[in-house]
Amino acid sequence: MSEGAGVRNEAGDGVAGSVVQAGSIQHVSFTGTAHGGAAPPPRQLPLAIRDFTGRAEHVAALDALVPGDEVGAGAVVVSAVDGAAGMGKTTLAVHWAHRVQDRFPGGTLYVNLRGYGPGDPATPGEVLEGFLRALGLPGERVPVGVEAQAGLFRSLLAGRRVLVVLDNANGAGQVRPLLPGSPGCLVVVTSRDSLTGLVVTEGAARLTLDLLTEPEAVALVGGIVGAERAAAEPGAVRELVRCCGRLPLAVRIAAGYAAAPHTTVGEVVAELADERSRLEMLSRGGDERAAVESVFDWSYQRLDSTQALVFRRVGLHPGPEFCLEAVAAATGLDLPVVRRVLGVLVEAHLVEPVGRGRYRLHDLLRAYAAHRATLDDPSGQCEAVRERVWQWYAHHAKTAHQVLRPAHRDWYPALRLDTATHPELDLGDPAQASAWLEWEQDNLVAAVRDADRHGHLPLTLLLTTTVWPVLYRVGRWEDRIDLTRRAVAAARRGGDRTAETHALLDLGEIQGAVGRWQDARETLLAGLALARDLHHPELQACALNDLGWVCLDQGHYTQAREYFLEALPLAPGAQHGRLEAVVEGNLSAACAGLGDYHQALHHAERSLPLRRQAHDRQGEAWALHQIARARRGLGDHPEAIALCEQALHIEDHHRSPDITAATLDTLGTCLRDTGHRERALRCWREALDLYHQLGHHRADDLHDRLYALEATDPGLPRTQ
């Protein structure tokens, strides 16, 4: 919804006296009398937009503010409608005012205060002079000075019900002299500023506009292009809305392009698809009020140099959200300064707070901020800022990775990259490290892609290496595959065959985890060949172990055991003993699959102390689970149950969801076999939920076993 609108004022045939145009205030004021009588009440609202859509809650909130019919009761009601540029504040205010102005027989006054836009902001004196004339006061009787004009304005409104719309204010100071003093009047103020001063001192009711909902934005497109055309391209309409980020002005501009003859919504979407040119497309044409970049410019130009610097820097941030410390790293400013400046940007609706000292930018605002950085910063500065941000994320991701996975602290060559950053977070506690990785996972993924796109090989490899554990933990398989493929390509471009081997083995592992076994086998065989060319026994052990795991996951236990037995003599010492523990544990699983539970127990019990020696708490949980599986196979259900419970008592941040699900699955089986069917049901349901969250291929098998258990006992609570 555009905030700019045309102005329509009509002088009927019966108007007598002079007519004054106050062009700088963008409205027409009438003076004189009609047929010698009293001046007609002013009706200054500009033309309402025909296809106004949505905002039902906001319209209802404004309706609730209309004072009762009795003049003289209560006080002046002030509503502060705020929101970011392009959010449709003017559209809402004008649309609503047209609906209710008949309830204000004293008239409707409107002014564009030009707080944000071309030209200088309107002064209170300009506005008051225009309002006084609109109320019938001859020009020669308008007093000099804002205080005298404001006093006379309040006097003229005393005892009258008047609606005053003060559009596009730059702050509370511009508005205060324009407020009536008599009860029964209602003032609606729109601004990109939060107008906190009006809320605090004048008791204004704040109404903040956010983005349109998807249904509202889709309906807006339909209203502009026509219902028939929108119905013919529903997918393209939704994609247009997505590209515009549900920002009303952007949606209206893009839909306007699609409404042109011989143009389809799909064609407009194709042009919007390129994020780098999207802002330019939405800013074409000569009308500054209908161009996204110009509308954003008006807010940007009101910032001081430090505020503008911070805004530009956050535009270069790779991810959707950012914290204070990341902004400090990007700007070089101290945290108190960053916190204060971000507070100003929040008040100006250029930045949105999302809690825990975190903020975000609308996609189009981020594109605009990055564009301003290319225009306003010295050559090469943007690349330096990006690298500082990647470095900040890489440093902390490496720290968190080494805290949570100490056995890997020097396994990957990428981890040997020296990193330094400021400000530095304290991530020494495993719970803190795990929480930070989960909070920042979207930014870490974005940082990998950003570093790769700009050709920074060392940080691409380091970020990829350190982000994959959290992606594995939360089941973001496709993101992990994409990032690991980028690492493979980056290593090849850099001629780093060791890094390429590591990346291939990581890629094969994740392909196997999602059941793409043929892809996994081909990738791992390529990695094994490279490891052999490099004469790197530890990497050969990794490749053989992963190939065995792919076989194990498919139930090919004999082939799996052969791979594991080939890997075992190559593994000792690697990853501080962890790799040998992994191979021993996988041998246990292969033996269990073949029904050889004594050998399964032997290998599992060899795995556990090696896991502990490597300080691998996640692996310790897995080893306990493997011992439990072997004990169950040998008929020792009480011991198997105790071992599963011991594994589940290891801290959550040390247990990945797939290990937790597998342990619950085994525990449920043991409980079922010992007659504890209801508790078994609870364990299996919890495991099934985790498998579903992970998109794990084992969910189907567990689902079948769960329903089979329920079918054997009608008294058990049913799965929904």
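The values are calculated or read from the model by the stated rules, or taken from the named source; none is laboratory data. What you are looking at is a predicted structure, and each value in this text was computed from that prediction instead of being measured. Cβ: placed from backbone, ideal geometry, glycine included. Neighbour counts: every protein chain shown.
May I ask you to say which residue of Ala373, Ala397 is under 26 Å from Ile650 (Cα atoms) and out of contact with any Phe, Trp or Tyr (no Cβ under 6 Å at 6 or more places or on another chain)?
That would be Ala397, the only listed residue that is under 26 Å from Ile650 (Cα atoms) and out of contact with any Phe, Trp or Tyr (no Cβ under 6 Å at 6 or more places or on another chain).
Residue check: is Arg631 surrounded by 21 or more Cβ atoms within 10 Å (Cβ to Cβ), assigned by TED's automatic domain parsing to the domain that holds Pro572 and basic (Lys, Arg)? Full working, then the answer.
On the way: surrounded by 21 or more Cβ atoms within 10 Å (Cβ to Cβ): yes; assigned by TED's automatic domain parsing to the domain that holds Pro572: yes; basic (Lys, Arg): yes.
Yes.
If the requirement is being touching a Leu at 6+ places or on another chain (Cβ under 9 Å), crowded, with 20+ Cβ neighbours inside 10 Å, free of Cβ contacts under 8 Å to residues at least 24 places away in the same chain and in a helix (DSSP H, G or I), which of these qualifies: Val488, Val448?
Val488
Which residue is surrounded by the fewest Cβ atoms within 10 Å (Cβ to Cβ), if the candidates are limited to segment 226-247 and must be more than 18 Å from the chain's Cα centre (by Cα) and in contact (Cβ under 8 Å) with a residue 24 or more places away in the chain?
Only one residue fits best here, namely Gly226.
Please verify whether Arg606 is in the same structural domain as His692 (by TED's automatic domain parsing), free of Cβ contacts under 8 Å to residues at least 60 places away in the same chain, in a helix (DSSP H, G or I) and surrounded by fewer than 20 Cβ atoms within 10 Å (Cβ to Cβ), treating the condition exactly as stated.
no
Going by the structure shown, is Gln599 farther than 23 Å from His697 by Cβ, modelled with pLDDT of 95 or more and either surrounded by 17 or more Cβ atoms within 10 Å (Cβ to Cβ) or assigned by TED's automatic domain parsing to the domain that holds Asp519 (or both)?
In short, yes.
Name the residue that is nearest to Glu440 (Cα to Cα), counting only residues in segment 466-485 that are surrounded by fewer than 22 Cβ atoms within 10 Å (Cβ to Cβ) and among the aromatic types (Phe, Trp, Tyr).
Applying the filter and picking the extreme gives Tyr472.
Pick from Ala513, Ala560, Ala520: which is in contact (Cβ under 8 Å) with a residue 40 or more places away in the chain, within 25 Å of Gly585 (Cβ to Cβ) and either out of contact with any Gly (no Cβ under 6 Å at 6 or more places or on another chain) or hydrophobic (A, V, I, L, M, F, W, C) (or both)?
Exactly one residue qualifies, and that residue is Ala513.
Can you tell me which of (1) crowded, with 20+ Cβ neighbours inside 10 Å; (2) part of a loop (DSSP other than H, G, I, E, B) is the one Glu424 doesn't meet?
(1)
Report the residue count in segment 378-392 for those that are free of Cβ contacts under 8 Å to residues at least 60 places away in the same chain and either touching a helix residue (DSSP H, G or I) at 6+ places or on another chain (Cβ under 9 Å) or surrounded by 18 or more Cβ atoms within 10 Å (Cβ to Cβ) (or both).
Of the residues in that region, 2 qualify.
Need a quick list: strands (runs of 3 or more DSSP E) entirely within segment 286-404 having at least 3 residues that are in the same structural domain as Thr91 (by TED's automatic domain parsing).
none
Taking the residues in segment 205-215 that are part of a strand (DSSP E or B) and not charged (D, E, K, R) as candidates, determine which candidate is farthest from Val187 (Cα to Cα).
Within segment 205-215, the first condition is being part of a strand (DSSP E or B), and the residues that meet it are 205-208.
Filter again for not charged (D, E, K, R), leaving 205, 207-208.
On the way: Ala205: 10, Leu207: 13, Thr208: 16 Å.
Selected residue: Thr208.
Within segment 363-388, which residues are in contact with a Gly (Cβ under 7 Å, 6 or more places away or on another chain) and under 23 Å from Thr421 (Cα atoms)?
Ala370, Ala373
Of Gly577, Gly527, Gly508, which residue is farther than 24 Å from Ala662 by Cα, touching a residue at least 24 places away in the same chain (Cβ under 8 Å) and in a helix (DSSP H, G or I)?
When all the criteria are applied, what remains is Gly527.
Being part of a helix (DSSP H, G or I) and either in the same structural domain as Val338 (by TED's automatic domain parsing) or in contact with a Ser or Thr (Cβ under 9 Å, 6 or more places away or on another chain) (or both) is the filter here, so list the residues in segment 271-285 that pass it.
Glu271
Please state which one of Ala85, Ala93, Ala97 is surrounded by 22 or more Cβ atoms within 10 Å (Cβ to Cβ), assigned by TED's automatic domain parsing to the domain that holds Gly173 and part of a loop (DSSP other than H, G, I, E, B).
Matching residue, one of Ala85, Ala93, Ala97: Ala85.
Pick from segment 634-653 the residues that are aliphatic (A, V, I, L, M) and in a helix (DSSP H, G or I): which of them is nearest to Gly595 (Cα to Cα)?
The initial filter retains those residues of segment 634-653 that are aliphatic (A, V, I, L, M), namely 634, 640-643, 647-648, 650.
Subset that is in a helix (DSSP H, G or I): 640-643, 647-648.
Working: Ala640: 16, Ile641: 19, Ala642: 22, Leu643: 20, Ala647: 23, Leu648: 25 Å.
That would be Ala640.
Just to check your reading of the model, which residue among Leu47, Leu65, Leu109, Leu92 is within 19 Å of Val164 (Cβ to Cβ) and at pLDDT 95 or above?
That would be Leu109, the only listed residue that is within 19 Å of Val164 (Cβ to Cβ) and at pLDDT 95 or above.
Looking only at residues that are assigned to a loop (DSSP other than H, G, I, E, B) and crowded, with 24+ Cβ neighbours inside 10 Å in segment 181-192, which one is farthest from the chain's Cα centre (by Cα)?
Ranking the candidates gives Gly184 first.
Which of the helices (runs of 4 or more DSSP H) found entirely inside segment 100-179 contain at least 3 residues meeting this: under 19 Å from Arg43 (Cα atoms)?
Qualifying helices (runs of 4 or more DSSP H): 124-134, 146-157.
Only one of these conditions is not met by Asp704: (1) touching a residue at least 12 places away in the same chain (Cβ under 8 Å); (2) part of a helix (DSSP H, G or I). Which number is it?
With (1) touching a residue at least 12 places away in the same chain (Cβ under 8 Å); (2) part of a helix (DSSP H, G or I) applied to Asp704, the lone miss is (1).
List the pairs whose first member sits in segment 630-654 and is under 19 Å from Arg617 (Cβ atoms), whose second member is part of a helix (DSSP H, G or I) and of a type in the set (Phe, Trp, Tyr), and whose Cβ atoms are under 7 Å apart, counting only residues at least 6 apart or on separate chains?
Close Cβ pairs (under 7 Å, with a partner that is part of a helix (DSSP H, G or I) and of a type in the set (Phe, Trp, Tyr)) do not exist here.
Taking the condition of being modelled with pLDDT under 90, within 46 Å of the chain's Cα centre (by Cα) and surrounded by 17 or more Cβ atoms within 10 Å (Cβ to Cβ), how many residues in segment 116-152 meet it?
Of the residues in that region, 2 qualify.
Given the options Val237, Val218, name the one that is assigned to a helix (DSSP H, G or I), within 16 Å of Glu267 (Cβ to Cβ) and not assigned by TED's automatic domain parsing to the domain that holds Ser194.
The unique qualifying residue is Val237.
Is there any pair linking a residue in segment 543-557 that is assigned by TED's automatic domain parsing to the domain that holds Pro569 and at pLDDT 95 or above to one that is part of a loop (DSSP other than H, G, I, E, B) and crowded, with 24+ Cβ neighbours inside 10 Å, with Cβ under 8 Å and at least six apart or on different chains, and which?
Asn545/Ala571
What is the one condition in (1) surrounded by 20 or more Cβ atoms within 10 Å (Cβ to Cβ); (2) at pLDDT below 95; (3) among the aliphatic types (A, V, I, L, M) that Ile641 does not satisfy?
Result: Ile641 fails condition (2) only.
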